[in-house]
Amino acid sequence: MKTSLHQTQNGLPQDTRRQAIDLLNQCLADALDLGLQAKQAHWNVKGPHFIGLHELFDKVAGEVVEFTDDIAERAVELGGVAQGTVQVVAQQSRLTAYPLDLASGKEHIAALSGALAKFGTSARAAIDTATSLGDADTADLFTGVSRGVDKLLWMVEAHTQAKE
């Protein structure tokens, strides 16, 4: 199905905008899934490092919400429709389903690290795709998302990198 566009005076060619909107909506589905996975970890973490991880996972979820807003708004700026419903996310997300039976901090760290890493890889690929489309602004948006996700991954993985 061809992405329909709203009227806009944005100077990018229609085909470029359509492809960028499709890219943005794919990444939006992944980002919304990632945010919910971080909340799942936040709500369900148990163990001796509970409070630190509980707060960290909430920070991850909060920052991912900012990414989703930027991604969705860019799709609309280009004349598209941001597709952020639960139904779309369930069908389109490329992230692995988050296990619902995790409890320990170590398990949640491993699962959330994997999701962050996969999303980071997708964000970097989106930079290249947007660049090849000639959409420097969308590429720049994804550069910021990539940088932010890498920082979140570092913060989560730091809990497994020290020998205690």
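In order along region 82-91, the phi-based Karplus estimate (6.51 cos²θ - 1.76 cosθ + 1.60, θ = phi - 60°) of 3J(HN,Hα) comes to 6, 9, x, 7, 4, 5, 5, 4, 4, 7 Hz; Gly and Pro are listed as x. Here region 5-50 and region 89-164 have alpha carbon centers that stand 11 Å from each other. Counted by Cβ distance under 11 Å from LEU12, the other residues give a net charge of -2, where Lys and Arg count +1 and Asp and Glu count -1. A 1.4 Å probe over all protein chains sorts SER146, SER4 by accessible area into SER4, SER146, starting with the largest.
Note on ASP33: accessible area approximately 30 square angstrom, rounded to 10, probe 1.4 Å, nucleic acids and ligands left out. Comparing GLY134, GLY47, GLY62, which has the greatest mean-square fluctuation in the GNM of the chain with Cα pairs linked when under 10 Å apart? Ranking GLY134, GLY47, GLY62 by mean-square fluctuation puts GLY47 first. Taking θ as phi - 60° and the Karplus parameters 6.51, -1.76 and 1.60, the scalar couplings of region 121-127 work out to 4, 5, 5, 5, 5, 5, 4 Hz in sequence order, x denoting glycine and proline.
Compared with the dominant Cα axis of the chain, that is its longest principal axis, helix 136-161 is turned about 10°. Looking at region 41-111, the trypsin sites (Lys or Arg not before Pro) that sit in a DSSP loop and have at most 14 other Cβ atoms within 10 Å of their own Cβ are ARG94. Across the chain, the relative contact order, built from alpha-carbon pairs under 8 Å that are at least six residues apart, equals 28 percent.
Peptides 49-58, 7-16, ordered by how many other C-beta atoms sit within 10 Å of their residues on average, highest first, read 49-58, 7-16. Residues of region 93-107 with the amide nitrogen closer than 17 Å to a label point 7 Å from the Cα of LYS46, along Cα-to-Cβ, please. Under cut-off, by backbone N: 99-107. Applying 1/(1 + (r/R0)^6) with R0 = 22 Å to the Cβ-Cβ distance of HIS6 and THR121 gives a FRET efficiency near 0.10.
Applying 0.36 nm per residue to the separation of GLU73 and ASP128 and subtracting their alpha-carbon distance, the gain on full extension is 17.8 nm.
Under the combined filter of DSSP loop state and at most 16 neighbouring Cβ atoms within 10 Å, region 1-33 retains these trypsin sites (Lys or Arg not before Pro): LYS2.
The values are calculated or read from the model by the stated rules, or taken from the named source; none is laboratory data. Note that this is a predicted model, so its numbers are computed, not measured. Ideal geometry is used to build each Cβ from the backbone, glycine not excepted, and the neighbour counts take in all protein chains shown. What goes into the accessible areas is simple: the full protein's heavy atoms, side chains included, and nothing from ligands, DNA or RNA. Shrake-Rupley method; radii C 1.70, N 1.55, O 1.52, S 1.80 Å.
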